[in-house]
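Right, one structure below, let's go through it.
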Amino acid sequence: MRTDTRARTRRAVALLAVVACSGLLAAGELVPVGQAATAAVPVSAGPDAAGVTWLCRPGLAGDPCLFPRGANDVAANGAKTAIPATPASASQSAFDCFYVYPTVTASAATANTGTAVTPALEGAAVEQASRFSQACNVWAPTYRQRTSASLAEGLGNDPAADEISYESLLTGWKDYLAHDNDGRPIVFIGHSQGAANLIRLLRSQIDDNPALRDRLVSAIILGGNVQVPKGKTVGGTFAHIPACTKASQTGCVIAYSSFSSPPPADSLFGRPGQGVSLQSDQTTKSGQQVVCTNPAALGSTGAAALTPYFVSSTSPTGDPWVTYSGLYMGTCESAGGATWLQITPRAGDTRPVVAPTLGPTWGLHLDDVNLSLGNLVNDVMAEETAYSHHHRTA
């Protein structure tokens, strides 16, 4: 049984690396990122003075986080409505987003990657982070993440490789905070391995630091298993950073894992103390649950319409994104020791729907971000408004 599980995990992680962040467009098919808007004086694409290489940052030539945002909304009857977008701006926002990408590296002989920017990293940044550029300056250091070959041997089974991954990200964070943040409020965004590392970063650098917590607008931690005591909003993973319960709340966490059916007993996501929890040293199972905050209705226990965005290579208008209004509903559900964001397509709708490509233990993990990307961007904008209001009146 153990051999079968490990073999299944190896296949799943290998596929995860190949398809990167899923979506409708593979990383290798992306339009050249050099076509995105850039600052008048580009920042070097090589390592900075601290040795950190940036995947995204203001002024970076060919920044994938400034990917165009035009989209087509495909209706249930097939009609397409263009959603125009102004070109992504290279001007500075009053808010920063610090993005940590998921596992995107194909199988390799080594346990950890290097820090060079690759097409797979650019694809992840486009699909997951670029739409946030309308709300913030997106910063994303590269880091020495665990490779798919390493992760296929088991999550949490190689503490040394996990530590290399985290310490590399920590170097990027410290460089950014010391030289680039300039006191701006921050939104953190991470998925999968990026979420696990982001949990460690927030726990060690932000959670017990009142000054930095005051700069925390929110943290979007998807597919990472943020944990709390049952019935509580804070106190497990973090001592002071709660789950978001309303759109006007700041200093909180938006977290969930997406499934189209209840997570099985051996699920990597949605169950405390196992799977991805082990990547952030969370081993407690008893008395805890995984956080689910519905990005379409923070704090709600009911179903709400999701606004997905996927990169498309077949757009009839040349707009690079596609969305499907009214196709998906999302509901936070808990049963059998698991908590998850239940994704339910509209009955009878013939538009294409995502599927648990990697099997039931992974659920819809590949599409955690894109299934509700429009909602998440709106959440960030609402939180930024609330943050600005609070700090004007405080």
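The values are calculated or read from the model by the stated rules, or taken from the named source; none is laboratory data. As the structure is a prediction and not an experimental result, all values here were calculated from the model. In this analysis, Cβ positions are derived from the backbone assuming ideal geometry, glycine residues included, and neighbour counts consider all displayed protein chains. Surface accessibility is based on the protein's heavy atoms, side chains included, excluding ligands, DNA and RNA. Shrake-Rupley method; radii C 1.70, N 1.55, O 1.52, S 1.80 Å.
Scanning region 287-305 for residues that are open to solvent by less than 50 Å² (accessible area, probe 1.4 Å), assigned to a loop (DSSP other than H, G, I, E, B) and among the aliphatic types (A, V, I, L, M) yields VAL291, ALA296, ALA297, LEU298.
Those strands (runs of 3 or more DSSP E) of region 63-135 in which 3 or more residues are not β-branched (Val, Ile, Thr) occupy 71-74, 96-100.
One residue stands out in region 350-394 among those that are of a type outside the set (A, V, I, L, M, F, W, C) and in contact with a helix residue (DSSP H, G or I) (Cβ under 7 Å, 6 or more places away or on another chain): the one that is most open to solvent (accessible area, probe 1.4 Å), namely THR357.
Let's see how each residue does on (1) free of Cβ contacts under 8 Å to residues at least 60 places away in the same chain; (2) aliphatic (A, V, I, L, M); (3) in a loop (DSSP other than H, G, I, E, B):
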residue: ARG144; (1), (2), (3): yes, no, yes
residue: PHE188; (1), (2), (3): no, no, no
residue: ALA219; (1), (2), (3): yes, yes, no
residue: GLY235; (1), (2), (3): yes, no, yes
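Annotation note: of ALA211, ALA243, ALA265, the sole residue that is more than 19 Å from the chain's Cα centre (by Cα) and within 27 Å of LEU177 (Cβ to Cβ) is ALA211. Against the conditions (1) over 20 Å from ASP379 (Cα atoms); (2) open to solvent by less than 30 Å² (accessible area, probe 1.4 Å); (3) part of a loop (DSSP other than H, G, I, E, B); (4) out of contact with any Ser or Thr (no Cβ under 7 Å at 6 or more places or on another chain), GLN279 satisfies every one except (3). Here's a check for you: in region 46-59, which residue that is farther than 10 Å from TRP139 by Cα and modelled with pLDDT of 90 or more is surrounded by the most Cβ atoms within 10 Å (Cβ to Cβ)? Among residues in region 46-59 that are farther than 10 Å from TRP139 by Cα and modelled with pLDDT of 90 or more, the one surrounded by the most Cβ atoms within 10 Å (Cβ to Cβ) is VAL52.
Within region 176-186, how many residues turn out to be part of a helix (DSSP H, G or I) and open to solvent by less than 20 Å² (accessible area, probe 1.4 Å)? The total comes to 1.
If the condition is being in a loop (DSSP other than H, G, I, E, B) and surrounded by 20 or more Cβ atoms within 10 Å (Cβ to Cβ), then region 146-172 contributes THR147, ALA152, LEU155.
Listed by first and then second residue, the pairs linking a residue in region 375-394 that is closer than 17 Å to PRO295 by Cβ to a residue that is open to solvent by 40 Å² or more (accessible area, probe 1.4 Å), with Cβ atoms under 7 Å apart and 6 or more places separating them unless they lie on different chains, are ASN375/THR307; VAL377/GLN134; ASP379/ALA247; ALA382/ALA247; ALA382/SER248; GLU383/THR250; ALA386/SER248; ALA386/THR250. Residue check: PRO262 meets all listed conditions (1) of a type outside the set (Ser, Thr, Tyr); (2) at pLDDT below 95; (3) closer than 30 Å to ALA347 by Cβ but one, namely (2). Evaluate the following for ASN197: is it under 20 Å from LEU268 (Cα atoms) and touching a Phe, Trp or Tyr at 6+ places or on another chain (Cβ under 9 Å)? It is true that ASN197 is under 20 Å from LEU268 (Cα atoms) and touching a Phe, Trp or Tyr at 6+ places or on another chain (Cβ under 9 Å).
Determine whether ASN77 is at pLDDT 85 or above, buried (at least 20 other Cβ atoms within 10 Å of the Cβ) and over 26 Å from SER192 (Cβ atoms). No: the conditions fail for ASN77.
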